[in-house]
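The values are calculated or read from the model by the stated rules, or taken from the named source; none is laboratory data. Bear in mind the structure is a predicted one, so any value in this text is a computation, not a measurement. Don't worry about glycine lacking a Cβ; one is built from the backbone with ideal geometry, like all the others, and counts go over all protein chains shown. Accessible surface areas use protein heavy atoms only, side chains included; no ligands, DNA or RNA. Shrake-Rupley method; radii C 1.70, N 1.55, O 1.52, S 1.80 Å.
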Amino acid sequence: MTTWTGKLDSRDSWVREKLFLGMPFREYVRSLMTPSNFVVLVIFCIGLPIAVIRFTQGLEPVTNLTDDYPWGLWIGFDVLCGVALAAGGYCLASAVHLFGLKQYYPIVRPAVLTGFLGYFFVVVGLCFDLGRPWRLPYPIVYSFGVTSVMFLVGWHVFLYLTVQFLEFCPAIFEWLGWKKVLHWANKLTIGATVFGVILSTLHQSALGAMFLLAPGKLHPLWYSAFIPVFFFISSIVAGLSMVIFESTLSHRIFGHQVSHEHHANFDRLTIGLGRAAAIALFTYFCLKWIGVAHGNHWDLLGTTYGELFLMEMLGFILLPLLVYVWGIKTASARIIRLAAVWTILGIIFNRLNVSIFAFNWQLTDRYIPHWMEFAVSITIVTVGLMTFRWIVNRMPVLYEHPHFSATE
Amino acid sequence: MDRNSFLKTLGVAGAALTSLPSLGKARTRVISPDWMGMLTDLSLCVGCRRCEWACNDANGLPNESLSSFEDQSVFDETRRTEAYKFTVVNRFEADGYPKPVYVKKQCMHCIEPACASACLVKAFRKTSAGPVLYNEDVCIGCRYCMIACPFHVPAYEYSDAFAPAVKKCTMCFERFTEQGEKPACASICPQEAITFGKRSELLQLAREKIRSHPDRYVDHIYGEHEVGGSNWLYISPVPFEQLGFRTDLGETPYPEMTRGFLSAVPLVLVIWPMLLMGAYSFKQRKQKAEHSCTIDEEEVS
Ligand code: SF4
Ligand code: SF4
């Protein structure tokens with residue numbers, strides 16, 4: 001009898017420590033009643049019923065997809081933007097683990113976590129979009145369409161999710177206090193990082209390469225033999241900008257978790273990241289023009305689609321690039337952050353242009369997402385943010401675990 | 001390893017990715033002399049839409065009475081194929097041609113189908129008999145095939161939650177291979193505007209028609225070369241671009257578009273790890289060297 005209660009007690013305190021942030025259950029529940037959680041609740045109340053409709057009545061009632069527009073917001077935003085913006089994980093992991101830029105060490109973990117969750121929720125979004133999501137593993141285990149670029153994407157996202165999970169494992173083991181496993185997990189990191197970079201290079205560019213099969217549908221200003229390279233370089237841009245943005249938010253929200261010296265360093269890191277992002281963005285800007293020159297599409301710049309293209313090129317690539325440069329010149333982390341947000345919007349704009357706005361440019365009817373498509377996307381993003389918060393509040397992501405500092 | 005070298009590495013990879021399409025060029029195109037095809041003679045079609053009825057009938061699609069297909073109002077707008085309409089007839093007015101021209105649209109049964117090269121689970125196959133067939137049993141419903149098809153043919157059952165499938169014309173594959181009958185549309189056409197036969201013979205027939213009646217046809221067999229050629233062919237009294245046909249698609253088979261990218265993949269798989277591990281060991285060595293002189297500040301923190 002006594003042993004039994006004893007066991008229960010220790011289980012109870014484990015749950016309390018690990019899951020309820022050290023608070024008794026009631027107190028924990030009370031701590032959840034905040035205005036921001038109320039907003040989350042409202043979003044769920046809208047999103048969940050839509051999910052039920054989607055999975056019981058098909059895509060028809062909740063989307064405006066048609067036979068001419070088989071891909072809409074869920075592919076254009078949830079998948080294409082999701083993958084690009086999750087690129088921060090591999091950018092930072094390679095900078096620190098492979099190229100030895102140690103000063104970025106404190107922000108690797110949040111970046112890897114963002115990357116992992118980003119991909120995870122890309123797959124969740126994909127499950128809404130696929131006609132038969134329960135067949136998602138088919139290309140991995142059952143029927144292999146090796147001629148398909150999407151086959152490559154499928155495999156890589158699957159492998160990369162695994163790799164990123166491995167990369168994040170040390171944090172989980174530290175949280176659980178499993179020292180032995182942690183030792184092994186740490187050893188795996190280099191291998192996982194190299195593998196992760198390869199996979200990312202390939203699937204980031206493969207996402208662009210998917211559109212190589214639509215030369216008659218995607219407007220020539222966006223369609224280019226270089227589109228895989230555009231997608232790859234812009235994923236670096238997006239990833240770095242996202243790291244700047246995400247680490248800023250984390251600092252605001254979880255500031256109490258971050259050590260003092262890190263706070264002092266933080267602006268310097270931001271500027272360093274900004275510099276890297278600016279170089280990548282500049283490369284991207286030049287490459288895009290080479291694409292236009294390669295296809296000799298200068299005459300198309302005068303058309304309506306040309307205006308859209310110029311808006312993307314000047315308003316969402318050149319301008320944020322200039323803001324980055326300004327931020328670097330004045331050594332202002334705040335300006336860099338502004339540039340990062342702007343760049344992120346620019347990459348989103350690009351992915352939506354490729355998948356939606358400049359797609360089927362020769363057809364007269366346009367696709368406009370159903371409001372429920374927006375609602376689902378917002379819900380998925382919200383769940384992603386919630387998960388991030390849940391993990392950051394528990395595991396050693398933003399701070400170093402007192403028992404396992406990096407030098408061990 | 002500093003940032004500059006990092007960018008250099010990136011540049012090399014970028015170059016590897018872009019300069020490789022030439023590697024994918026060697027291809028073997030399957031052209032079977034015996035495979036079957038269809039030839040639609042647009043100068044003969046009168047727009048009775050019986051083929052639509054017969055197609056619905058043969059494929060067990062929702063159908064109406066044959067007489068209801070005489071309704072001309074459907075021609076007010078240009079239609080495309082849908083989940084339960086594998087073929088549709090559209091009406092076009094062409095410059096300097098006295099009559100309206102009716103165009104039957106359906107899957108072209110491409111020689112190198114874009115849909116098949118897009119599918120990540122190999123749901124499409126080009127049969128040696130000619131038709132391009134779809135297998136619902138493996139399809140995951142990503143709809144990439146619909147994105148890829150240059151002719152806007154495959155359609156999707158968006159209203160089905162539990163077993164949605166891609167839908168398109170099969171050229172009545174089973175009808176002609178098992179029952180020895182012509183495809184439904186070719187059988188019913190009162191004008192004999194649709195001829196079923198070996199593709200090679202249909203091409204000869206088409207050429208013959210164009211040669212003996214240069215006044216009646218433009219000198220173009222649509223489907224002979226478009227996107228690498230298709231098993232469905234058209235001849236027309238007016239230029240095809242006036243009839244809603246895309247004449248800007250080129251002659252390159254669609255699978256070719258991604259072949260270069262795909263053949264670059266193994267190279268990235270080989271080159272990248274080498275570069276990255278190289279960078280890593282370089283950095284390790286440099287760090288060790290630094291270590292032996294001074295202790296890196298950051299190491300201590
Ligand atoms: S017309 Fe479209 S659906 Fe038919 S075989 Fe060609 S690519 Fe596939
Ligand atoms: S929708 Fe089905 S048939 Fe089309 S590409 Fe996707 S898995 Fe293949």
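Computed values, structure above
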| read-out | value |
| --- | --- |
| Exceeding the 26 Å Cα-Cα cut-off - candidates A:LYS217/B:LYS168; B:LYS99/B:LYS167; A:LYS288/B:LYS167; A:LYS288/B:LYS286 | B:LYS99/B:LYS167; A:LYS288/B:LYS167; A:LYS288/B:LYS286 |
| Length released on extending from B:SER263 to B:SER32, taking residue separation times 0.36 nm less the Cα-Cα span | 80.6 nm |
| 10 Å Cβ neighbours from other chains, averaged over peptide B:151-159 | 5 |
| Per-residue [θ]222 nm for the protein assembly as shown (sum of -39500 (n - 2.57) over DSSP H runs n ≥ 4, rounded to 500) | -17000 deg cm²/dmol |
| Number of partner chain Cβ atoms within 10 Å, mean per residue of B:165-173 | 1 |
| Over chain A, relative contact order from alpha-carbon pairs under 8 Å, at least 6 apart, % | 25 |
| Overall dimensions of region A:13-76 as given by Cα atoms, namely Rg and Dmax in Å | 19.0, 57 |
| Distance histogram for chain B (every C-alpha pair counted, 20 angstrom bins, percent rounded to whole numbers) | 28, 45, 17, 9, 2 |
| Area hidden from solvent between A and B (accessible, protein heavy atoms only, 1.4 Å, total, Å²) | 6200 |
| Charged-residue dipole, Cβ positions (Lys, Arg, Asp, Glu), chain B about Cα centre, Debye nearest 20 | 800 |
| Evaluated at q = 0.05, 0.10 Å⁻¹: base-10 log I(q)/I(0), Debye formula over Cα of the protein assembly as shown | -0.30, -1.01 |
| The protein assembly as shown, dipole about Cα centre (Lys/Arg Cβ +1, Asp/Glu Cβ -1), debye to the nearest 20 | 1760 |
| Extreme residue, positive dipole direction of region B:36-252, given options B:LEU133, B:GLN106, B:VAL166 (C-beta unit charges) | B:LEU133 |
| Carbon and sulfur %, accessible surface of the protein assembly as shown computed with the full protein complex present, 1.4 Å | 63 |
| Cα centroid of region B:124-175 to Cα centroid of region B:39-92, whole Å | 19 |
| Label point at A:ARG389 placed 7 Å out along Cα→Cβ; residues across region A:37-59 whose backbone nitrogen lies under 20 Å | A:37-49 |
| Percent of alpha-carbon pairs separated by more than 24 Å within region A:145-235 | 38 |
| Whole-number percent relative contact order across region A:67-223, with pairs defined as alpha carbons under 8 Å at least 6 apart | 25 |
| Net +/- balance of residues flanking A:LYS288 in space, Cβ distance below 15 Å, scoring K and R +1, D and E -1 | 0 |
| Rg [Å, one decimal], Dmax [Å, integer] - region A:286-390, C-alpha atoms | 17.4, 52 |
| Simple Cβ-charge dipole of chain A, Lys/Arg +1 and Asp/Glu -1, about Cα centre, in debye nearest 20 | 900 |
| At 1.002 mPa s and 20 °C, Stokes D of region B:38-110 from Kirkwood alpha-carbon radius, µm² per second | 164 |
